[in-house]
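Single-structure report; data block below.
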Amino acid sequence: MNVLLDHLAEFREGFIGTVLLTLASGLLAMVLGVIVAGFRVSPVPPLRLLGTVWVTLFRNTPLTLLFLVAWFVVPVIFVPGLSPWTKALLALGFYTSSFVCEAIRSGINTVPVGQAEAARSLGMTFTQTLRMIVLPQATRTVIPPLSSIFIALTKNSAIAGAFSVTELFGVQKLLSDQGFAIAWIFLWVALGYLVITFSISGLFRLLERRLGVAR
Amino acid sequence: MTEVSVAKEDVAATGELVVLKSVNKHFGALHVLQDIDLTIARGEVVVVIGPSGSGKSTLCRTINRLETIDSGTITIDGKPLPQEGRELARLRADVGMVFQSFNLFAHKTVLENVMLGQIKVRKTDKKQAEEKARSLLDRVGVATQADKYPAQLSGGQQQRVAIARALAMDPKVMLFDEPTSALDPEMINEVLEVMQQLARDGMTMIVVTHEMGFARSAANRVVFMADGRIVEEAVPGQFFSNPRSDRAKDFLSKILHH
C-alpha cells in the first residue's frame with residue numbers, strides 16, 4: 001500500500017503514459033487499418049498487393065522486433081531524430097493496424113454484395129461506396145474484434161517501457177530497482193491496466209448496442 | 001479482349017441507345033453469353049425471358065458492367081463502356097438498375113436512399129434532392145414510408161423505393177433484373193403497375209422477368225434467351241401466339257399451361 005501512496009506521482013505518470021500511448025497508437029492503427037482494408041478490397045491490383053504485403057509484414061513480425069527496428073533501423077534509413085515516444089507510437093500503431101485491417105475486412109465481407117452493387121449502379125465511386133455504404137454497415141460486426149485488439153494494444157504498450165518510454169509497466173522496473181516489495185508493485189500496476197482495459201471493453205459494448213443495422 | 005467496333009459514329013446519330021455487339025462471357029468453363037447482338041432503341045421496352053441459367057440476368061448486368069465481358073462491345077448512347085473508374089461511375093449514373101433483392105441501403109431511411117445518389121453523384125443540393133425524392137416516392141406510392149428504414153417495409157414497397165432511387169438519377173435507360181422474383185404473389189402487381197406506368201411514360205427499359213403478363217402488355221419486343229444465346233426476338237403478340245423456335249415453344253408450353 002505504501003508503495004502506491006509514496007510514489008503516487010510515478011504511478012500516475014506511468015498510468016497517463018500508458019493511456020496516451022494506447023490512445024495515440026490506437027488512433028493511428030484505426031486510420032491505417034481502415035485505409036489498408038480499403039486497399040485489400042480495392043479493384044486495383046497493385047493496391048491489393050500493397051495491402052496484403054502490409055498485413056503480412058506487420059502481423060507476422062514480433063512486436064519487440066518492430067520496436068528494435070523502430071529504434072535502430074528507422075533512424076538510420078528513414079527519419080533520424082524521432083523521440084522514443086514517437087518510435088513507440090509508430091511500432092505499436094503499425095503492428096496493430098494489421099490486425100485492425102483484418103477485422104475491418106471481415107466486417108466488410110459480412111455486408112451483402114448487393115449493397116455495393118446498388119451503390120455502384122447509382123454511379124458512386126469505389127471510395128464513396130466503401131465510405132458511405134459498406135463501412136457504416138460493417139461497423140457493428142467489427143466492434144467486438146476491435147475491442148479485443150485495443151485491449152491487446154494496451155497490454156502490448158508495456159514493451160515501450162523496456163525501451164525507456166514512461167508508461168505504467170516501466171514504473172514496476174523503476175520501483176523494484178529501488179528495492180520495494182515486488183508483489184505490491186505488480187498488484188498496483190495490474191490494477192492500472194485493468195482500469196484501462198475495462199474502460200475499453202465498456203466503451204465498445206456501448207458502441208455495439210448503439211450501432212444496430214436492421215435487415 | 002478483341003474489340004469489334006463497327007461504325008461507332010453512326011450509333012449516336014440514330015435512336016439506338018444500348019447496343020451490344022458479339023458479346024461473349026464465360027464463368028469458368030461455362031459460356032454464359034454467346035455472341036450476343038442486341039440493339040435497344042430510345043423509348044423501347046424490351047423484355048428478356050428464358051429458362052433459368054440461360055444468361056438473361058448476366059446479360060442485364062453486363063450493360064452497366066456489374067459483370068465484365070470477355071469480348072465484344074457494349075455502347076450506351078454511343079459511348080462504349082469504359083474500364084472501372086470515374087468514367088464508368090459517370091456512365092452508370094445514367095443507367096438505372098433495379099435488383100431482384102431490392103438492395104436498398106439498410107442503414108439509410110427510405111428518403112435518404114432516394115436522395116443519396118442525387119447528392120453524392122449528381123451534386124444536387126439537399127433541398128432540391130429531398131423535393132425530388134418525395135415526389136418520386138409519391139409517384140411509386142410509398143410517400144408515407146419516407147422516414148422508415150428499408151427493413152420496416154414490405155418487399156413490394158422496398159422494390160418500389162428501389163425504382164424511385166434509380167429514377168432519381170434521371171437515367172437514360174432502366175435495367176430490371178427479375179424485379180418481382182423475390183416478392184410474395186400479392187405484391188407483384190404493385191411493382192408491375194409502377195413499371196407499366198414507367199413504360200407508358202416513354203422510359204427505355206430492359207426487363208428480365210418471368211412475368212409473361214407484363215411482357216404481353218408492356219413490351220415492344222420480347223427477347224427469348226436459352227443456353228447463353230438469343231434464340232428468338234419478336235413482338236409480344238407474335239412471340240406468345242406463334243413462337244418460331246422449338247426452344248421457345250417448349251419453354252412457353254411449360255410455363256403457360258398451369
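The values are calculated or read from the model by the stated rules, or taken from the named source; none is laboratory data. As the structure is a prediction and not an experimental result, all values here were calculated from the model. Cβ atoms come from the backbone with ideal geometry, glycine included; neighbour counts cover every protein chain shown.
With the checklist (1) over 12 Å from the mean Cα position of the chain (by Cα); (2) crowded, with 17+ Cβ neighbours inside 10 Å; (3) touching a residue at least 60 places away in the same chain (Cβ under 8 Å) in hand, flag the one item A:Pro43 doesn't pass.
Result: A:Pro43 fails condition (2) only.
Wholly within the stretch B:59-153, which helices (runs of 4 or more DSSP H) include no fewer than the required count, namely at least 2 residues that are within 30 Å of B:Asn24 (Cα to Cα) and either in contact (Cβ under 8 Å) with a residue 24 or more places away in the chain or at the interface with chain A (Cβ under 8 Å from one of its Cβ atoms) (or both)?
Details: elements: B:86-93, B:110-120, B:126-139.
Counting at least 2 such residues, we get B:86-93.
In the stretch B:89-110, how many residues are aliphatic (A, V, I, L, M), surrounded by fewer than 21 Cβ atoms within 10 Å (Cβ to Cβ) and more than 23 Å from A:Val111 (Cα to Cα)?
Number of matching residues: 1.
With (1) surrounded by fewer than 16 Cβ atoms within 10 Å (Cβ to Cβ); (2) closer than 27 Å to B:Asp77 by Cβ as the list, and B:Thr209 as the residue in question, which single condition is left unmet?
In the conditions (1) surrounded by fewer than 16 Cβ atoms within 10 Å (Cβ to Cβ); (2) closer than 27 Å to B:Asp77 by Cβ, B:Thr209 misses (1) alone.
Exactly one condition in (1) under 28 Å from A:Leu194 (Cα atoms); (2) free of Cβ contacts under 8 Å to residues at least 60 places away in the same chain is false for A:Leu92; which is it?
Failed condition: (2).
Answer yes or no as to whether B:Asp246 is at pLDDT below 95 and either of a type in the set (Phe, Trp, Tyr) or over 21 Å from B:Asp35 (Cβ atoms) (or both). Step through it out loud before you land on a result.
Working: at pLDDT below 95: yes; either of a type in the set (Phe, Trp, Tyr) or over 21 Å from B:Asp35 (Cβ atoms) (or both): no.
Criteria not met by B:Asp246.
Do we have A:Leu211 as under 24 Å from A:Ser97 (Cβ atoms), surrounded by fewer than 20 Cβ atoms within 10 Å (Cβ to Cβ) and out of contact with any Phe, Trp or Tyr (no Cβ under 7 Å at 6 or more places or on another chain) here?
Details: under 24 Å from A:Ser97 (Cβ atoms): yes; surrounded by fewer than 20 Cβ atoms within 10 Å (Cβ to Cβ): yes; out of contact with any Phe, Trp or Tyr (no Cβ under 7 Å at 6 or more places or on another chain): yes.
Taking the combined requirement at face value, the residue satisfies it.
Return a yes/no flag: does the stretch B:175-184 have any residue that is at negative phi, surrounded by fewer than 20 Cβ atoms within 10 Å (Cβ to Cβ) and either free of Cβ contacts under 8 Å to residues at least 60 places away in the same chain or part of a helix (DSSP H, G or I) (or both).
yes
For A:Ile143, indicate whether it is more than 24 Å from A:Arg59 (Cα to Cα) and more than 14 Å from chain B (Cβ to nearest Cβ).
Details: more than 24 Å from A:Arg59 (Cα to Cα): no; more than 14 Å from chain B (Cβ to nearest Cβ): yes.
No, not satisfied.
For A:Thr61, work out the one condition from (1) of a type in the set (Ser, Thr, Tyr); (2) farther than 26 Å from A:Thr110 by Cβ; (3) in contact (Cβ under 8 Å) with a residue 60 or more places away in the chain it doesn't fulfil.
It is condition (3) that A:Thr61 fails.
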